[in-house]
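Notes for the one structure printed next.
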Amino acid sequence: MNKITIILIVLCMSLSPLNGYAEQSVEDVLGRLEEKMSNIKTLQTGFVQEKNLAIFDKKITLKGKIFLKKPRLFAWHTEEPTRYSMVIRDDVILQWDEDIDQVQKVSMKDNPAFQTVVGQMRKWLSGMYMSLLGEYNITLLKQNPVSLKFMPRENTMAYNIISYVRIVFREDERYICEIYIKDKTGDSTLLRFTDTLLNTPIDDAAWKVKPRG
Amino acid sequence: MADKRKRLIFGLAAGIIIFAAIGIRFISFDNDIELMLPANPEILRSLRFFRESNISDKVILSLKLKSQERTTHDLIQAVEKLEKSLNLPLITEVISGISKADLIQEMHSFLEYVPQLLNEQDLSKIEKQITHAGVKASLSRNYQQLLTPGSGFIMPFIQSDPLGIKSGFLSNIQKLSSSLGYSVKIKNGHFISQNGRNAMLILKTPVRLTDGFGSRNLIAYLHKQLESLPEFVSADIIAGHIHTISNEDVIKRDIRLTLIIASAAFLLLFLFIFRDIRAVLIFLIPLISVLVSINLSAIVLGKLSYFIIGMGAVVAGIAVDYGIHVYLAVRTGAGKPDAVKKIIRPVIIAALTTIGVFAAFFFSSVKGYHQLALFSILSIILCLVCALFVLPYLLAGKHYRNLPVMLKQGSSMHSQVFDRICIACWGVIIIAAIVLSWQLEFNNDISQLDGSKPEVIQTEQGFHNVWGGADKPAILVVSGENLEEALQCNERIYTKAVNEVGEDNFAPMGLSSFAELWLSNQTRIANSARWNKFWSEGREAKLKELLQEHGQTYHFSDDAFSPFFKHLYIEKIIENTPEGLTFFDQLKERFILKKADGYQVLSFFPDKDKYVKALGAISSRYSKTFLVSRNAFPACSQTQFHQKLSFYQELPGC
């Protein structure tokens with residue numbers, strides 16, 4: 001056996017545990033994050049979202065607040081550029097926007113479009129990504145703070161739509177601080193969370209779809 | 001000479017018994033429930049519908065994660081491995097879910113057909129949307145949906161349908177997909193339960209439910225393949241074939257049990273009363289007669305029902321009387337075979353009376369009764385012949401001890417007073433029975449003919465707890481010589497049902513009709529012409545203008561909705577149904593059955609009396625339609641059974 005062969009064998013042997021470690025570490029990280037996030041009972045956070053969609057003639061920057069109370073309540077309120085509210089209680093959606101000024105009630109069961117929209121929101125905002133392993137190839141981009149990249153696997157619904165999703169967690173890993181979604185069409189969404197509060201009481205007004213005054 | 005005759009009879013009897021015993025292994029047995037039901041066209045049509053449709057012959061595998069530490073991902077991996085191991089010839093296709101990869105593209109492609117499906121009322125609604133307020137509301141809704149994360153999934157739908165005209169059809173697809181009442185979610189293209197702990201595989205098999213041998217092979221094959229599942233996954237098989245096997249096993253076990261109990265009772269009775277080992281022959285004669293009759297009946301009828309064979313013990317019980325009479329005659333006649341001559345006439349008359357009753361069953365419309373009649377009559381004749389012409393020679397020449405006291409003529413118990421008491425008691429019992437018979441209620445639930453083992457039923461209950469679907473819907477079947485004819489009739493009935501009952505009134509699951517998804521060629525041609533005319537009368541330009549004007553408020557680009565206008569006018573109308581859309585093909589398979597003589601279009605609705613009556617009234621106006629209701633079925637068969645009962649009550653000796 002010549003020297004080169006020995007070096008190759010040693011190199012291969014030394015690389016294979018590294019591959020195994022990398023594979024294992026993603027699941028370990030996901031498990032660790034899930035454990036931390038499973039303690040979240042309530043969430044209230046501000047957000048700034050930048051949408052670069054071809055359907056719009058300019059980049060849309062959205063500012064608002066998200067409220068979550070497990071297991072039944074979710075609210076999405078935007079303040080800029082227009083005021084809009086969506087409150088989800090179980091599978092019923094109430095929505096209101098200032099232009100129309102009407103409260104609309106929609107059952108998710110009867111509205112597949114809303115189901116998709118809400119499903120995507122819940123998926124990425126939940127922070128519970130272990131169950132996505134079958135749907136996405138997940139890679140760990142950075143350990144501190146944790147940054148993950150999700151690439152849809154073939155034969156999934158996301159495969160033809162999403163190019164990748166990048167998620168950055170807070171330093172304390174208790175919630176997400178940034179979500180970036182790149183679509184296959186070139187459209188993109190960047191969502192940043194600000195002033196996030198975990199497990200603090202949420203004002204009942206958060207669940208009112210139409211703001212007072 | 002007598003010994004030679006005796007040996008000849010012995011030899012002949014032994015030969016027949018051996019042939020009969022061997023022959024029984026080659027007989028085809030049948031557990032088709034139809035044999036046991038009156039030949040009512042409605043009942044038979046319903047049963048045949050289930051048998052001939054692809055509804056009841058499918059096999060479902062329900063797989064469950066046993067370990068809490070394992071995830072849905074692990075379950076899906078196990079399912080995929082199992083799926084690959086299921087092959088021909090017993091499994092022709094495995095459906096593990098719906099591939100979502102192309103689902104959005106497929107839905108998008110299907111929605112291009114929607115203008116062909118919209119009627120005049122739909123166009124009126126669109127007309128109301130082409131206003132400043134209407135367009136503004138639509139744009140606002142689109143804008144807000146597009147600003148949520150993951151808007152890429154709905155982008156193509158919004159661009160090609162800014163007014164949301166077609167969104168109702170997405171709901172219809174969803175509604176039709178859940179028309180059988182199962183609660184399923186799709187994960188990575190697989191059927192997964194709501195809690196993520198179970199997966200479902202639907203298997204297509206060429207093995208028919210009534211094929212006992214094939215069912216056994218199929219289930220054995222599945223059990224073998226399931227052995228390869230990892231230890232953290234368990235599997236349940238849900239299939240009509242399990243009922244077939246279980247019923248066969250139960251009937252066979254019952255026949256064996258009945259024979260053992262009857263044999264023991266007869267033997268003990270004969271040996272205790274007659275105190276003679278030859279009394280065993282009395283018991284053997286009906287048993288052998290039944291065995292030979294099964295073979296003869298099978299030669300005449302081809303197949304024999306297990307239900308009928310189960311009656312063998314009853315027939316043997318009736319026919320054993322002839323042997324008893326002959327035995328007593330020979331024994332009281334000092335062991336001479338000639339002693340039988342005294343009783344030949346009354347015994348033959350008794351047998352003919354019994355044969356007459358069974359012969360009456362030939363007039364029944366229940367095919368199973370014909371089998372019962374033939375089998376019973378053959379058994380009785382054979383038993384009679386053996387008892388009168390064989391048994392005396394087997395009993396002859398023996399010096400019998402005295403008969404026990406209670407069997408002797410003129411015993412002290414047999415007084416005139418005792419006779420009168422017996423007759424009086426009998427009279428009272430008969431009168432009481434006649435009175436009580438008026439209040440008699442018959443349990444006509446045909447599911448009671450299903451003798452499947454409790455574990456089969458428990459498995460099915462467990463399956464329904466996870467997946468739902470316990471309440472089976474009723475089915476409206478519309479037939480046609482071709483698909484176009486069936487679809488046209490289906491549309492007419494659907495429209496009438498919606499107008500007369502109200503679509504939303506079919507609680508809880510609603511009326512699921514293929515007419516909500518696809519229409520006949522004739523209707524689509526008319527709709528298309530109307531659609532094209534609608535937009536060509538200035539509405540296209542008006543909508544463009546309104547979208548342009550209000551789109552600016554929401555920063556929509558100028559060509560944001562160009563996909564809608566690009567395909568606005570219908571240029572080509574497909575003749576039959578869309579092709580290459582997997583979700584559509586799967587729905588079509590559920591709602592449309594191709595038959596040898598045409599097509600059947602099915603609609604599903606809650607199996608409740610009021611809906612069955614309402615749709616029954618509508619469908620009765622159309623000759624090629626019928627309803628299949630599991631709940632209404634017993635009522636239908638009850639009437640038939642009562643009619644038959646009246647007929648038999650009027651027969652002498654019944």
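The values are calculated or read from the model by the stated rules, or taken from the named source; none is laboratory data. As the structure is a computational prediction, the values presented were derived from the model and not from experiment. Ideal geometry is used to build each Cβ from the backbone, glycine not excepted, and the neighbour counts take in all protein chains shown. The area values use the complete protein model at the heavy-atom level, side chains included, leaving out ligands, DNA and RNA. Shrake-Rupley method; radii C 1.70, N 1.55, O 1.52, S 1.80 Å.
Observations on the structure shown:
- Convex hull per residue volume in Å³, alpha carbons only, for chain A: 156 Å³
- Within the shell of other residues whose beta carbon sits under 15 angstrom from the beta carbon of residue B:567, the net charge comes to -1, with Lys and Arg scored +1 and Asp and Glu -1.
- Those lysines that a straight Cα-Cα span of less than 26 Å connects to residue B:341, excepting residues fewer than 8 apart in one chain: B:4, B:6, B:398, B:408
- For a label point 7 Å along the Cα-to-beta-carbon line of residue B:303, residues of the range B:204-222 with backbone N under 13 Å: B:208-215
- Folded to 0 to 90 degrees: helix A:112-126 orientation relative to chain A principal axis, Cα: 60 degrees
- Taken residue by residue and averaged, Cβ atoms of other chains lying within 10 Å of the Cβ of A:130-137 number 4.
- R0 of 25 Å, Cβ-Cβ distance residue B:505-residue B:582: FRET efficiency to nearest 0.05: 0.15
- You can think of it this way: the chain between residue B:84 and residue B:342 has 85.4 nm of extra reach, that is 0.36 nm per residue less the Cα-Cα gap.
- Nearest-20 debye value, the range A:22-199 charge dipole, Cβ charges on Lys, Arg, Asp, Glu: 200 debye
- Hydrophobic, long helices, defined as DSSP H runs whose alpha-carbon span along the helix axis is 24 Å or greater and whose mean Kyte-Doolittle value is at least 0.0, occur in chain B at B:2-23, B:240-274, B:280-301, B:312-332, B:341-360, B:367-385, B:416-437.
- Accessible-area rank, largest first, for B:460, B:69, B:549: B:69, B:549, B:460, with all protein chains present and a 1.4 angstrom probe.
- On Cα atoms only, tilt of A:3-37 relative to the major axis of chain A in degrees: 20 degrees
- Of the accessible area of chain A, computed with a 1.4 Å probe over protein heavy atoms only, carbon and sulfur atoms account for 53 percent.
- Lysines with Cα under 24 Å of residue A:58, excluding same-chain neighbours fewer than 8 positions away: A:182, A:184, B:136, B:544, B:566
- Local electrostatic count, residue B:481, Cβ distance below 15 Å [Lys/Arg +1, Asp/Glu -1]: 0
- Evaluated with a Cβ-only charge set (Lys, Arg +1; Asp, Glu -1), the protein assembly as shown carries a dipole of roughly 3080 debye about its Cα centre, given to the nearest 20.
- Reachable lysines, given that their alpha-carbon falls under 23 Å from the alpha-carbon of residue B:610 and they are not under 8 places away in the same chain: B:175, B:472, B:496, B:624
- Inter-chain Cβ neighbour average for residues A:183-190, partner chain, 10 Å: 3
- Dipole in debye (nearest 20) - chain B, about Cα centre, beta carbon charges: Lys, Arg +1; Asp, Glu -1: 3100 debye
- Buried solvent-accessible surface, both chains (B, A), 1.4 Å probe, Å² to nearest 100: 3600 Å²
- Here each label is just a point 7 Å from Cα along the line to Cβ, and for residue B:269 and residue A:194 those points are 9.6 nm apart.
- One Cα centroid belongs to the range B:548-563, the other to the range B:365-386; the line between them spans 84 Å.
- Averaged over the residues of peptide B:555-567, the number of Cβ atoms from other protein chains lying within 10 Å of each residue's Cβ is 2.
- Over the protein assembly as shown, DSSP H runs of length four or greater, each weighted -39,500 (n - 2.57), average out per residue to a 222 nm ellipticity of -16000 deg cm²/dmol.
- Estimated at the nearest 10 Å², the accessible area of residue B:435 is 80 Å² with a 1.4 Å probe.
- Think of the protein assembly as shown as having a plus end and a minus end, set by charges on the Cβ of Lys, Arg, Asp and Glu; of B:114, B:26, B:415, B:415 sits farthest toward the positive end of this dipole.
- For the range A:22-199, the solvent-accessible area works out to 45 Å² per residue, with a probe of 1.4 Å and every protein chain left in place.
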